[in-house]
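The values are calculated or read from the model by the stated rules, or taken from the named source; none is laboratory data. Everything numeric here is computed off the predicted structure, so don't read it as measured data. So basically every Cβ, Gly included, is an ideal-geometry build from the backbone, and we count neighbours across all protein chains shown.
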Amino acid sequence: MEFEIDTRSSVPSWRQLADKLTAAIESGEYAPDDPIPSLRRLHQETGLAQSTIQHALKELHERGLTYSVPGRGTFAKGKG
């Protein structure tokens, strides 16, 4: 999955990332129980600040698309 973020867009970077990850989950690119890329990997691929990425991941959780396992990571729930 490509995580290209347009930093000049009027859409906040965290929202762009959350929307890309949402689309990947809803399309089945991340099947239920598949791990979502780690904060570190997303930082490396996007160059976004960790707090921005955390905001995006929190949004996915609030949308009901992910769940977290302490010490293991964040995983896709699927379309639900």
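Computed values, structure above
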| item | result |
| --- | --- |
| In the stretch 17-32, residue surrounded by the most Cβ atoms within 10 Å (Cβ to Cβ) [restricted to those that are touching a helix residue (DSSP H, G or I) at 6+ places or on another chain (Cβ under 8 Å) and outside any loop (DSSP other than H, G, I, E, B)] | 21 |
| All positions within the stretch 50-70 that are in a loop (DSSP other than H, G, I, E, B) and buried (at least 21 other Cβ atoms within 10 Å of the Cβ) | 65 |
| Any hit, the stretch 33-49, residues being crowded, with 19+ Cβ neighbours inside 10 Å, assigned to a helix (DSSP H, G or I), of a type in the set (Ser, Thr, Tyr) and at pLDDT 95 or above | no |
| Count - residues of the stretch 1-32 that are closer than 17 Å to residue 58 by Cβ and of a type in the set (Asp, Glu) | 1 |
| Long-range neighbours under 7 Å by Cβ, at least six apart or interchain, first residue under 11 Å from residue 46 (Cα atoms) within the stretch 1-15, second part of a loop (DSSP other than H, G, I, E, B) and modelled with pLDDT of 90 or more | 5/48; 13/5; 13/48 |
| Residue in the stretch 10-19 that is at pLDDT below 95 and either of a type in the set (Ser, Thr, Tyr) or touching an Asp or Glu at 6+ places or on another chain (Cβ under 7 Å) (or both) present | no |
